Amino acid sequence: MATQDENPRQRDITAMLKDQTSACNAARDAIAAGGEVMLYDGQAPHWMVFGITASRLRWSLKIGLTTLGLDETVEILRARDRDGQLRTGNIVAADRSWFFTLYFDATGTELLACSGVKNERPSRGDGQKLQL
C-alpha cells in the first residue's frame with residue numbers, strides 16, 4: 001500500500017487537470033464542489049487500461065450514456081507505448097451525477113487524460129421512450 005507521500009494530493013490533482021481532454025474542467029469543478037477523489041495504489045499494464053477504456057466507450061455509445069472526454073482518452077491511450085504501466089484514479093461528483101476516471105503515467109506525476117460518464121439511466125435506443 002502506498003503512503004500519502006507517494007500519491008498526489010487532491011490539490012495536486014486539481015492543478016494537474018488542465019486541458020488534456022474536454023472532461024478535465026468538469027472534473028476540476030467536481031473536486032471543488034466536494035467530489036470524492038480516489039487514487040489507486042500500484043500500476044496496471046497499459047494494454048489492460050486501454051482495453052477497459054475502449055470497451056467503456058463502446059458500451060456507453062451503445063446504450064446512450066452521456067460522456068465527456070472518453071473518446072479523446074481512448075485516442076490518447078492508443079498513442080502511448082502499450083508495454084508501459086499506468087496508474088488510475090476516480091472522482092465521484094458530490095451529487096453522484098458524474099463519475100470521472102483519471103489516467104496517470106506509471107509514477108503518478110503526470111496526468112495523461114481524464115474522462116467522465118454521467119450517472120443516468122441508459123437511453124432506450126432508436127428514439128424509443130419509456131411509457132408510463
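The values are calculated or read from the model by the stated rules, or taken from the named source; none is laboratory data. Keep in mind that what you see is a predicted model, and the values were worked out from it rather than measured. Please note: Cβ atoms are built from the backbone with ideal geometry, for glycine as well, and neighbour counts cover all protein chains shown. Remember, those area values only see protein heavy atoms, side chains included, never the ligands or the DNA or RNA. Shrake-Rupley method; radii C 1.70, N 1.55, O 1.52, S 1.80 Å.
Structural remarks
- Among residues of the range 19-32, those that are under 13 Å from Tyr103 (Cβ atoms) and either in contact with a His (Cβ under 7 Å, 6 or more places away or on another chain) or in a loop (DSSP other than H, G, I, E, B) (or both), counted: 3
- Hey, Arg96 out of contact with any helix residue (DSSP H, G or I) (no Cβ under 7 Å at 6 or more places or on another chain), open to solvent by 70 Å² or more (accessible area, probe 1.4 Å) and more than 30 Å from Pro122 (Cβ to Cβ) or not: no
- For Glu120, the conditions (1) within 19 Å of Gln20 (Cβ to Cβ); (2) touching a residue at least 24 places away in the same chain (Cβ under 8 Å) all hold with the exception of (1).
- Residue satisfying condition, being modelled with pLDDT under 95 and open to solvent by less than 30 Å² (accessible area, probe 1.4 Å), within set Asp81, Asp41, Asp105: Asp105
- Every residue from the range 54-78 that is at positive phi and either surrounded by fewer than 16 Cβ atoms within 10 Å (Cβ to Cβ) or charged (D, E, K, R) (or both): Gly64
- Test: residue in the range 11-18 that is assigned to a loop (DSSP other than H, G, I, E, B) and either open to solvent by less than 30 Å² (accessible area, probe 1.4 Å) or modelled with pLDDT under 95 (or both): yes
- Set Ala2, Ala32, Ala54: member being modelled with pLDDT under 95, aliphatic (A, V, I, L, M) and closer than 18 Å to Leu86 by Cα: Ala2
- If only residues of the range 53-84 that are more than 11 Å from the chain's Cα centre (by Cα) and of a type in the set (Val, Ile, Thr) are counted, the one that is farthest from Gly108 (Cα to Cα) is Ile63.
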